[in-house]
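**Q** Sharing a structure, written as structure tokens. Questions coming.
The values are calculated or read from the model by the stated rules, or taken from the named source; none is laboratory data. Everything numeric here is computed off the predicted structure, so don't read it as measured data. Backbone-built Cβ (ideal geometry, glycine too); neighbour counts: all protein chains shown.
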Amino acid sequence: MSGRLCVHAGHRSALLPDQALVLSSAPQAADALKDYDVILLGEWHDHAGNHFAEMALLRALHQRTPRLALSMEMFERDVQPVLDDYLAGRIGEDALRSKGRAWPNYAESYRPLVEYARESHFPVIAANAPASVIRCVGQQGPEFLSRMPTDKRSWAAAELHLQDGPYKDKFMRFLAEDGDHGQGPVFDPSGAPTAGSRSRG
């Protein structure tokens, strides 16, 4: 099974297939979601309520399904070995934050999640494609991926879905409207970068 958990203004909200949005507590949401294979959690990166809800849900899910993995956008795929070393106790937190390129709000927003995973001995997955790879694809096109060294190719998606359609339209709108990810209008309707646009580095 797969499902989504939507967080809005710090409230835990379970959005299940073919059901209306229902506000729920973390335990209620965990009961509803515990049999799902994948749970996607959207957030505002700087919203304290979101991070409180994430931690509450992670604890509640772990109590119900101990075999968990936590996948995090904040960490880029090339720093997975750094993250693994920290979880295994081979390096300290300062090294994780510097070598893992943790976001500035790591301590207050994401550290509790990582520490809970570390204490509970379940993996944390560095999920984001490295910004350097994204920039190269943006500048040189998708063909850049075929020129990447074999040991680094897994840092980006195995398949790219570039065809026009509702998904691409929605994604382009997201980049244009979301200040954290797109920094204002970034792409024109054809998908080309607009003049003077900035990406989140």
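**Q** Exactly one of (1) surrounded by fewer than 16 Cβ atoms within 10 Å (Cβ to Cβ); (2) out of contact with any helix residue (DSSP H, G or I) (no Cβ under 6 Å at 6 or more places or on another chain); (3) at negative phi is unmet by Glu76. Its number?
**A** (1)
**Q** Here's something else I'd like to know. Starting from region 78-94, keep only residues that are farther than 11 Å from Val124 by Cα, then list their pairs with residues that are among the aromatic types (Phe, Trp, Tyr) and assigned to a helix (DSSP H, G or I) whose Cβ atoms are within a distance under 6 Å, requiring at least 6 positions of separation or different chains.
**A** From residues that are farther than 11 Å from Val124 by Cα, the pairs are Asp78/Trp155.
**Q** Sticking with this structure for a sec: Taking region 90-110 as the region of interest, how many residues are surrounded by fewer than 15 Cβ atoms within 10 Å (Cβ to Cβ) and polar (S, T, N, Q)?
**A** 2
**Q** Going through Ala156, Ala176 one at a time, which residue ends up being closer than 18 Å to Glu143 by Cα, modelled with pLDDT of 50 or more and surrounded by 13 or more Cβ atoms within 10 Å (Cβ to Cβ)?
**A** Ala156
**Q** Which ones in region 119-137 are in contact with a helix residue (DSSP H, G or I) (Cβ under 9 Å, 6 or more places away or on another chain), in a helix (DSSP H, G or I) and more than 15 Å from Ala69 (Cβ to Cβ)?
**A** Correct list: Ser132, Val133, Cys136, Val137.
**Q** Take the conditions more than 30 Å from Glu177 (Cβ to Cβ), of a type in the set (Gly, Ala, Ser), over 15 Å from the mean Cα position of the chain (by Cα) and not assigned by TED's automatic domain parsing to the domain that holds Ala156 and apply them to Ala95. Does it pass?
**A** Values: more than 30 Å from Glu177 (Cβ to Cβ): yes; of a type in the set (Gly, Ala, Ser): yes; over 15 Å from the mean Cα position of the chain (by Cα): yes; not assigned by TED's automatic domain parsing to the domain that holds Ala156: yes.
Criteria met by Ala95.
**Q** Between Glu115, Glu54, which is crowded, with 18+ Cβ neighbours inside 10 Å, free of Cβ contacts under 8 Å to residues at least 60 places away in the same chain and of a type in the set (D, E, K, R)? Give the derivation first.
**A** On the way: Glu115 fails: crowded, with 18+ Cβ neighbours inside 10 Å.
So the residue among Glu115, Glu54 that is crowded, with 18+ Cβ neighbours inside 10 Å, free of Cβ contacts under 8 Å to residues at least 60 places away in the same chain and of a type in the set (D, E, K, R) is Glu54.
**Q** What's the total number of residues in region 94-119 that are more than 14 Å from Glu54 (Cβ to Cβ) and touching a Leu at 6+ places or on another chain (Cβ under 9 Å)?
**A** Residues in region 94-119 being more than 14 Å from Glu54 (Cβ to Cβ) and touching a Leu at 6+ places or on another chain (Cβ under 9 Å): 4 in total.
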